[in-house]
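Colleague: Let me begin by handing over the structure; questions about it come next.
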Amino acid sequence: MTRLRRSALLSLVLLGLVAERLVEVEATGCFPAIFSFGDGQFDTGGLSATFPTILHYDHPPYGQTYFQKPTGRHSDGRLMIDFLAEALGLDYTPAALQTVLSDYTSGGTWASSYSTIASVSSGNTAGPGLFLSPFGLNVQLMQFNEYQQTVNSVVATQARLKAKAAAGFTDDSPSENKKKQTKSKKTRHILQELDAEADMESQTMHPTAVNATLLELEAPTMRLPRSGSWGKALYLIATGGHDITNQYNNGKNIDTVVAGFPRLIGLIADAVRQIYRAGGRNLIVFDIEPQGCQPWLLTRIPHTADDLDWKGCLIQYNAVVQNFNKMLKSEVAVWREGYTDLNVFYFSQYDVKIGLLTNDTAGFNSTNTACCGVAGSTYNVNLMVPCGPPVMDPVTNITTVATVCNNPDEYLYWDGMYTTEAGNRYVMQQMLTGNFFDVPFPELTENCQLNPLT
């Protein structure tokens, strides 16, 4: 057998040996992992890994508050999913498409910034300064299913190797005291058996430094989900906002947008069924935040003072979101009855953020103005000059760069669309109180020993 063939077989064996060691590790805490799907609220670097350096949030000042560098997150620091991982005592959830050095023992996220529930059809425009992700919710679930099948295949391969070892092979190196072994029941090293199967013409057995090779492979392979993660993990879905705003950008009126909601809810239901078939039994579905309060939409939609409520939010556009959320909440209740062994919950970040606007003690002094943006507009947003590197404004033909506020922790919105780290922390703190679920979720809010969020 050639060295190359032998090395390949050896790597497969040891990869399986290490993989089984990984999946047998017991997780600490109430949920061993987080698996998430949706848009930029949970994207920890997936779209950035797919289109490196070309996206504006791949550049400073993104990430400046916590990571001190851009990390593919659409914020100045941590996202809601990062704070949830901290509360559960887990590592930050890596983006599944960011494969180099990713550690999936605490789960993974397939979420993608600017993604939608429905597949984006040709001819649609994202709107000024925006980008449409090719990784919609259905694609994310396909990617997750492929990932799960691959992990399960590795585990199954290891199970076969283990059964074969139990049938008469040892993983000790061949002993020099072979003479002590009886001829009728001679034990061979499993690598010797591989030699014999792969090259029947060669009967030469080559002892291998198994332990040394195992140690070399152990570090890069100890990154698989722990045993029981598929069924015990916490699954998250947060999407739908871009389905609505993309239709505005393509000239659809409010009535047309609302008429499409049943189809969108049905597509989320398809995703829930796929998660259930994959073994998921603990699921939180996030509703859509009050888009009428977003600095980006307030800049995008021409309006007068009569179009705004007393909080400065667009009344009609928040009503559209409320309509969607009402349908989604009702559907979650249907899923709960249809899947009696599925713990599925509806979490209202809409209510959290609306409440934040009236909570003077929360510490947010700017709730509808972007922290990072171009000065000169009411909401500190220039649709053609996003937060990030310098951009030439096509209206003025002047190269302009967005500037950052001095106190991001007092702002709800970072770049006009996505939330600051402080805002993400606040939303997650409110979620963990249990007050914004449609029904109580004691497995998370009471039974878990949650870490404080700082």
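Coordinate-derived values only; no laboratory data. This structure is a prediction, so every number in the text was calculated from the model and none was measured. Neighbour counts run over all protein chains shown; Cβ positions are idealised from the backbone, glycine included.
Colleague: For residue 430, what charge total do you get from the other residues with a beta carbon under 14 Å from its beta carbon, if Lys and Arg give +1 and Asp and Glu give -1?
Modeller: It works out to a net charge of -1.
Colleague: A further question on this structure: Structure shown: which of 326/353; 311/353; 232/353 lie over 20 Å apart, alpha-carbon to alpha-carbon?
Modeller: Violating the 20 Å Cα-Cα cut-off are 232/353.
Colleague: Positive end of the charge dipole of region 220-369 (Lys, Arg +1 and Asp, Glu -1 on Cβ, about the Cα centre): tell me which of 265, 316, 343 has its Cα farthest that way.
Modeller: 343
Colleague: Further question on the same structure: What share of Cα pairs, in percent, lie more than 21 angstrom apart in region 254-338?
Modeller: 42
Colleague: Neighbour counts of other C-beta atoms within 10 Å: give me 340, 400 arranged from fewest to most.
Modeller: Values: 340 6, 400 16.
Ordered from fewest to most neighbouring Cβ atoms within 10 Å, 340, 400 come out as 340, 400.
Colleague: Can you tell me the relative contact order of region 383-454? Whole percent, Cα pairs under 8 Å, sequence separation 6 or more.
Modeller: Answer for region 383-454 is 16 percent.
Colleague: Here is a further query. Give, as ranges by residue number, the residues of region 80-112 whose backbone N falls under 14 Å from the point 7 Å along Cα→Cβ of residue 146.
Modeller: Under 14 Å, as judged by backbone N against the label point of residue 146, lie 96-99, 110 of region 80-112.
Colleague: Please rank 288, 81, 265, 398, fewest neighbouring Cβ atoms within 10 Å first, as an exposure proxy. Don't skip to the answer; put the middle values down first.
Modeller: Numbers: 288 22, 81 25, 265 18, 398 10.
Lowest to highest Cβ neighbour count: 398, 265, 288, 81.
Colleague: What value does region 337-419 have for Rg/Rh, both radii from Cα atoms and Rh as Kirkwood defines it?
Modeller: Radius of gyration over Kirkwood radius for region 337-419 works out to 1.19.
Colleague: Compute the distance from the alpha-carbon center of region 54-123 to that of region 406-420, in whole Å.
Modeller: Distance between centres, Cα-based: 17 Å.
Colleague: For region 49-123, what is the per residue volume of the convex hull drawn over the alpha-carbon atoms, in cubic angstrom?
Modeller: Given the Cα convex hull of region 49-123, per-residue volume reads 118 Å³.
Colleague: Less than 13 Å Cβ to Cβ from residue 61, Lys/Arg counted +1 and Asp/Glu -1: what total charge do the surrounding residues give?
Modeller: -2
Colleague: Another question, then. Mind sorting 78, 281 by how few other Cβ atoms lie within 10 Å of their own Cβ, fewest first?
Modeller: 281, 78
Colleague: Sticking with this structure for a sec: Once you have the alpha carbon radius of gyration of region 372-454, what is it after dividing by 2.2 N^0.38 Å, with N set to its residue count?
Modeller: It is 1.56.
Colleague: A further question on this structure: Once you treat every alpha carbon in region 257-415 as an equal point and sum by Debye, what is log10 I(q)/I(0) at q = 0.20 Å⁻¹?
Modeller: Log-scaled intensity ratios, in q order: -1.17.
Colleague: For residue 51 and residue 277, what is the calculated FRET efficiency with R₀ set at 35 Å and r taken between the beta-carbons, to the nearest 0.05?
Modeller: On the way: r = 31 Å, r/R0 = 0.88.
Here the calculated transfer efficiency is 0.70.
Colleague: Take the Cα pairs of region 324-381, get the Kirkwood Rh, then feed it into Stokes-Einstein at 37 °C and 0.692 mPa s and tell me D in µm²/s.
Modeller: Roughly 226 µm²/s, to the nearest whole number.
Colleague: On to the next question. If the only charges are +1 at each Lys and Arg Cβ and -1 at each Asp and Glu Cβ, what is the size of the charge dipole of region 262-384 around the Cα centre, to the nearest 20 debye?
Modeller: Using Cβ point charges on Lys, Arg, Asp and Glu, region 262-384 gives about 380 debye.
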